[in-house]
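Please treat every number below as a calculation from the coordinates, not as lab data. Since the model is a prediction, treat every value here as computed from it, not as a measurement. Please note: Cβ atoms are built from the backbone with ideal geometry, for glycine as well, and neighbour counts cover all protein chains shown.
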Amino acid sequence: MYIARFNCFILVCYFLVACNTGYQGEYTGYGAPVQLKVEVEPSKSTEKGECLADTLSFLVGQPETALAAMEYPASTRVFSEGQEVNLENGDPSRLNLVIGAERKIVNIFCG
C-alpha cells in the first residue's frame, strides 16, 4: 500500500519536473507590456521633481528584462519604438523608456 503511494508520488513529481523546461519561448511582435516595479514611497529625486534619464542612461542597449531590477517613479512610461507619444504639456520630471524591435532599451528621456 505504501509502496504504491510512494510510486504514485514519484510519478507525479517526475511529470511536474518534466513540465518545467526553463524555456520561456520567444517574443512575437511586441509581446506583453513590460511590468515595472513602481516606488511605493516617492524618492528624494522624485520629490525634487528630478528626471532620472541621465542616471539611468546605462540601461540603453540592455535587454528589456533589465527593467525588472529596479524601482521607478510612479509616473514612468514605457513605449515601443515608433509608437506615437503625446509630449504636449509633458511633465519634465517624467521618465520615459523606449523599447526597440529587438526587445532592448533604445532610448531614455524626460518629458
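Identify the residue in segment 53-111 that is among the small types (Gly, Ala, Ser) and more than 18 Å from the chain's Cα centre (by Cα) and, among all such residues, is farthest from VAL38 (Cα to Cα). Give the derivation first.
First, pick out the residues of segment 53-111 that are among the small types (Gly, Ala, Ser): 53, 57, 61, 66, 68-69, 74-75, 80, 82, 90, 93, 100-101, 111.
Subsequent filtering for residues that are more than 18 Å from the chain's Cα centre (by Cα) retains 82, 90, 93, 111.
Numbers: GLY82: 24, GLY90: 20, SER93: 15, GLY111: 18 Å.
Looking at residues that are among the small types (Gly, Ala, Ser) and more than 18 Å from the chain's Cα centre (by Cα), I get GLY82.
Quick check on THR55: is it of a type in the set (Ser, Thr, Tyr) and in contact with a strand residue (DSSP E or B) (Cβ under 6 Å, 6 or more places away or on another chain)? Outline the logic, then answer.
Values: of a type in the set (Ser, Thr, Tyr): yes; in contact with a strand residue (DSSP E or B) (Cβ under 6 Å, 6 or more places away or on another chain): no.
Against the criterion (of a type in the set (Ser, Thr, Tyr) and in contact with a strand residue (DSSP E or B) (Cβ under 6 Å, 6 or more places away or on another chain)), THR55 does not qualify.
Residue by residue through segment 74-111, note down the ones that are within 20 Å of LEU52 (Cβ to Cβ), polar (S, T, N, Q) and assigned to a strand (DSSP E or B).
Scanning segment 74-111 gives ASN96, ASN107.
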